[in-house]
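Notes for the one structure printed next.
Computed from the coordinates by the stated procedures, all read-outs in this text should not be read as laboratory data. Remember, it's a predicted structure, so these values are computed and weren't measured experimentally. FYI the Cβ positions are ideal-geometry reconstructions off the backbone, even for glycines, and counts take in every protein chain you see.
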Amino acid sequence: MTVIPNSIHARDIASIVHPQTNLAKHREVGPVVITHSEGARIFDDGGKDYIESVAGLWCASLGFGVERLAKVAYEQMRTLGYYHTYRHRSNQPNVDLAEKLLSIAPVPMSKVLFQCSGSEANDTAIKLIWYYHNAIGKPEKRKIIARNMGYHGSTAATVSLSGKADMHADFGLPFAPFLHTEFPHYYRRHEDGESEEAFSTRMADALEIMILEEGPETVGGFFAEPVMGAGGAVLPPATYFEKIQAVLKKYEVLFIADEVICGFGRTGEMWGSRTYGLEPDMISSAKALSAAMQPISALMINEKVYQAMLQQSAKLGPFAHGYTYAGHPVASAVALEVIKIYEEMDVVGRVKSISPTFMGALEQHGDHPLIGDIRGAGLICGIELMRDGVARVPFDTGLKVAERFQENALKHGLIPRTVGDRLVFAPPLIITESEIAEMSDRFGRALDDTWAEIR
Ligand SMILES: Cc1ncc(COP(=O)(O)O)c(C=O)c1O
């Protein structure tokens, strides 16, 4: 693309550092400027339309513009557009939202802490693991374990928690108390003849060995996404969480379910924890909580954690943590309305009923020479690009297959997400059958073009 002087593209290049963007390449190619939307489609400033197959960043569950939510935000801004929740202050939408979340939690939860992003929710959970163990007289339980390729955020602590080496490089991270156990990617990592159950046993054994080697008296928490999102939409293998949770219970390690992507219907239940039988002590949620229309996140904690905090607060005084916009009335009012919309549309029923169409549309490309494996649940699916899908031989990295696919997908009007040589699909939960058909058609054309380039 030639960047025209003084265009929005040129002004962007001159003024913005974009997250997760190749900075040198950005200077050459400039931004794709998105102007408006229609259902699961977005349009760029040249009028070209794209099917958004990952709902932005797995978050725009109701599409990219919702009149009803705009009205709620407008009304709330007129009556109380801001007030904080520090020092005993409160507001109606925030209380209503907290009650609503507790009423739909997948396991009994006691209280909610609000923040503005998934990272902040997980950062808060990290602090609470430490606070809790201090409260119960086990201050040495400071180590926190997550999984290789897990993703929990971009702050210094949550990216340390995340198992993404590319996000640690040259930042001097991860911080010391964060450890990473095995990446439970069955298709890529199972041994020949190893069943999903046996693979899960091996994953749980690896976790137990790590805890024993570190000293169980030093391990305080474990984080997991029910389905790993930024790791490549990787589903947990059969019996994985059952076996992992048995290890956590044995060594009194708090379990935090990161539901930032999975919460609110994505996996075909309201929570990924429900789909996969998780019984966490804390649950972080964001993204679809407000259908991405307001920056808000919620961390739910169980009674055990709350009682310990109560005890500490009695000893230390105020609970010394918070964010200026925590419990923001406008964000809360919008999130509350979003949950009302989910109930009216029966979001779980909708995802369950459209999931076979979605999976079928992707699986029809299963025999394509680029594709090695396709697995999904609800409206999330991960597809592995492989030179030989049966023998599990990957493409040479020098071929840059995913990068080529990405270019071809954009050309054909499909916004994809790639993670290494994995393709990820997680469209808005309102995607229609005809949009799914279009997505599949564009996907097929992008695959064919990519194959033509490398065969
Ligand atoms: C599972 C998970 N946790 C946490 C985060 C961080 O959320 P945020 O970008 O809102 O800070 C993300 C973001 O993609 C995520 O996928």
Stretched fully, the stretch from LYS25 through GLN92 gains (0.36 nm per residue minus C-alpha distance, one decimal, in nm) 19.4 nm
Extension gain VAL33-PHE171, at 0.36 nm per residue separation less the Cα-Cα distance, in nm?
46.7 nm
Give me the dipole magnitude in Debye, nearest 20, for the stretch 68-345 about the Cα centre, with unit charges on the beta carbon: positive for Lys and Arg, negative for Asp and Glu.
1040
Ratio of Rg to Rh over the stretch 300-455 (Cα coordinates, Kirkwood Rh, two decimals)
1.17
Once you have the Cα-Cα distance between VAL17 and SER353, take 0.36 nm times their residue separation minus that, and quote the gain in nm to one decimal.
116.9 nm
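Mind giving me the FRET efficiency for GLN364 and LEU316? R0 is 60 Å, r the Cβ-Cβ distance, nearest 0.05 is fine. Please list the in-between numbers first.
Numbers: r = 59 Å, r/R0 = 0.99.
Calculated value: 0.50.
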7 Å from Cα along Cα→Cβ at both GLU279 and MET345: what's the point-to-point distance in nm?
3.4
Alpha carbon centroid spacing (whole Å) that separates the stretch 4-67 from the stretch 126-201:
32
Calculated P(r) of the chain - Cα pairs past 34 Å, %:
34
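Among CYS59, CYS381, CYS262, CYS116, rank each residue by its count of other Cβ atoms within 10 Å, from fewest to most, as a rough exposure measure. Walk me through the numbers before you get to the answer.
Numbers: CYS59 21, CYS381 24, CYS262 33, CYS116 18.
Sorted ascending by nearby Cβ count, the order is CYS116, CYS59, CYS381, CYS262.
Computed over the Cα atoms, what is the radius of gyration of the stretch 205-276 divided by 2.2 N^0.38 Å, N being its residue count?
Working: Rg = 13.1 Å, N = 72, 2.2 N^0.38 = 11.2 Å.
So the stretch 205-276 has a normalised radius of gyration of 1.17.
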Can you give me the relative contact order of the stretch 146-277 as a percent, contacts being Cα pairs under 8 Å and 6 or more apart?
23
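Could you check what % of the DSSP bridge pairs in the chain are antiparallel, to the nearest 5? Please list the in-between numbers first.
Details: 31 of 47 bridges.
Among the beta bridges of the chain, antiparallel pairing accounts for roughly 65 percent.
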Hey, quick one: spin label on LYS250, modelled 7 Å out along Cα-Cβ, who in the stretch 171-213 has an amide N within reach, i.e. under 19 Å?
180-184, 197-213
If the label point sits 7 Å along Cα→Cβ of LYS138, residues of the stretch 171-202 with amide N under 18 Å come out as 177-179
Between their Cα atoms, which of LYS141/LYS304; LYS25/LYS143; LYS250/LYS315; LYS141/LYS315 are more than 27 Å away from each other?
LYS25/LYS143; LYS250/LYS315
Along Cα→Cβ, 7 Å out, is where each label goes; now give me the distance between the ones at ASP45 and SER195 in nm to one decimal.
5.8
Using only alpha carbon pairs under 8 Å that are at least six residues apart, calculate the relative contact order of the chain and give it in whole percent.
20
Two decimals is fine: what is log10 I(q)/I(0) at q = 0.11 Å⁻¹ for the stretch 329-418, from a Debye sum with one equal scatterer on every Cα and no solvent?
-0.49
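With all pairs of different alpha carbon atoms counted, what Kirkwood hydrodynamic radius in Å does the stretch 68-227 show?
Numbers: mean 1/r = 0.0536 Å⁻¹.
Radius from the Kirkwood sum: 18.7 Å.
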